[in-house]
Amino acid sequence: MISRLDQFSKLENIIFRLMDEQLSPDLIYHNKEHTQWVIETVEWLGESENISLYDRFLLRIAALFHDIGFIEAYDGHEEESCRIATLMLSDLDFLKEEISVICELIVATKVPHNPKNILQEIICDADLDYLGTEDFYIIGDRLRKELILHGKLSEDLDSWTQYQIRFLDSHRFFTMTSRRLREPVKQEFLRQLKSNTTLGDV
């Protein structure tokens, strides 16, 4: 019987090859690098939050699949990710109950986040972990360029600043680990953004 580690490695090779071959080059933010970040972060948060090895395995599978739906659609990609995950995991003899949990984790990453349990809280925090890291501006710029390319944002820099302020004001981290380590950094970035813009239009 194939081990959990071998299952994940096999799936990772398949998904990353799909991303290399089928993801649009316009996906400057939602790409393989982002998926790798989320996989690593759910593992880190899962360990920090004392989640079982089995649940951390399910988290890593969900993180691996959570954005693969972008090969089919930009809007509503979470549902596409769940569909692809269901097909592939069924072929690898995952239990229906496991696939259900994984799909619920994938769909939980839809913004605005509204997680229903600790596993969903972990993947939501992992998905937007960069908001509380030193890579905030670098990764944020990738998202800005992607949103412009997909007609979701104007090229005006002030509009982007106001977009970020509104988003950070409404965003919250859920896990104890992210609230302790990421929230203070995120708040500092929010302070910087607000100090560099006129807030009357925010």
* Structure fact -> Scanning segment 115-170 for residues that are of a type in the set (Gly, Ala, Ser) and farther than 30 Å from Glu49 by Cα, the one surrounded by the most Cβ atoms within 10 Å (Cβ to Cβ) turns out to be Ser159
* Asked: Glu79: free of Cβ contacts under 8 Å to residues at least 60 places away in the same chain, closer than 18 Å to Ala126 by Cα, assigned to a helix (DSSP H, G or I) and out of contact with any His (no Cβ under 7 Å at 6 or more places or on another chain), yes or no?
  -> no
* Structure fact -> Those residues of segment 43-90 that are of a type in the set (Phe, Trp, Tyr) and under 16 Å from Met19 (Cβ atoms) come to a total of 3
* Asked: So is Ala108 within 24 Å of Leu131 (Cα to Cα), among the hydrophobic types (A, V, I, L, M, F, W, C) and in contact (Cβ under 8 Å) with a residue 12 or more places away in the chain or not?
  -> yes
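Table: residues versus (1) outside any helix (DSSP H, G or I); (2) not hydrophobic (A, V, I, L, M, F, W, C).
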{"residue": "Ile102", "(1), (2)": "no, no"}
{"residue": "Leu105", "(1), (2)": "no, no"}
{"residue": "Glu134", "(1), (2)": "yes, yes"}
{"residue": "Lys145", "(1), (2)": "no, yes"}
{"residue": "Glu155", "(1), (2)": "yes, yes"}
{"residue": "Arg180", "(1), (2)": "no, yes"}
{"residue": "Gln187", "(1), (2)": "no, yes"}
{"residue": "Leu190", "(1), (2)": "no, no"}
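Residue by residue, here is whether (1) surrounded by 14 or more Cβ atoms within 10 Å (Cβ to Cβ); (2) in contact (Cβ under 8 Å) with a residue 24 or more places away in the chain; (3) among the small types (Gly, Ala, Ser); (4) touching a strand residue (DSSP E or B) at 6+ places or on another chain (Cβ under 9 Å) holds:
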| residue | (1), (2), (3), (4) |
| --- | --- |
| Arg17 | no, no, no, no |
| Glu33 | no, no, no, no |
| Gly46 | yes, yes, yes, no |
| Leu59 | yes, yes, no, no |
| Arg83 | yes, no, no, no |
| Ser90 | no, no, yes, no |
| Glu104 | yes, no, no, no |
* To do: Determine if segment 51-73 includes at least one residue that is touching an Asp or Glu at 6+ places or on another chain (Cβ under 6 Å) and either outside any helix (DSSP H, G or I) or modelled with pLDDT under 95 (or both).
  => yes
* To do: Looking at (1) outside any helix (DSSP H, G or I); (2) at pLDDT below 95, find the lone condition where Ile28 falls short.
  => (2)
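The values are calculated or read from the model by the stated rules, or taken from the named source; none is laboratory data. Keep in mind it's a predicted model, so treat the numbers as computed, not measured. Virtual Cβ from ideal backbone geometry, glycine too; neighbours counted across all protein chains shown.
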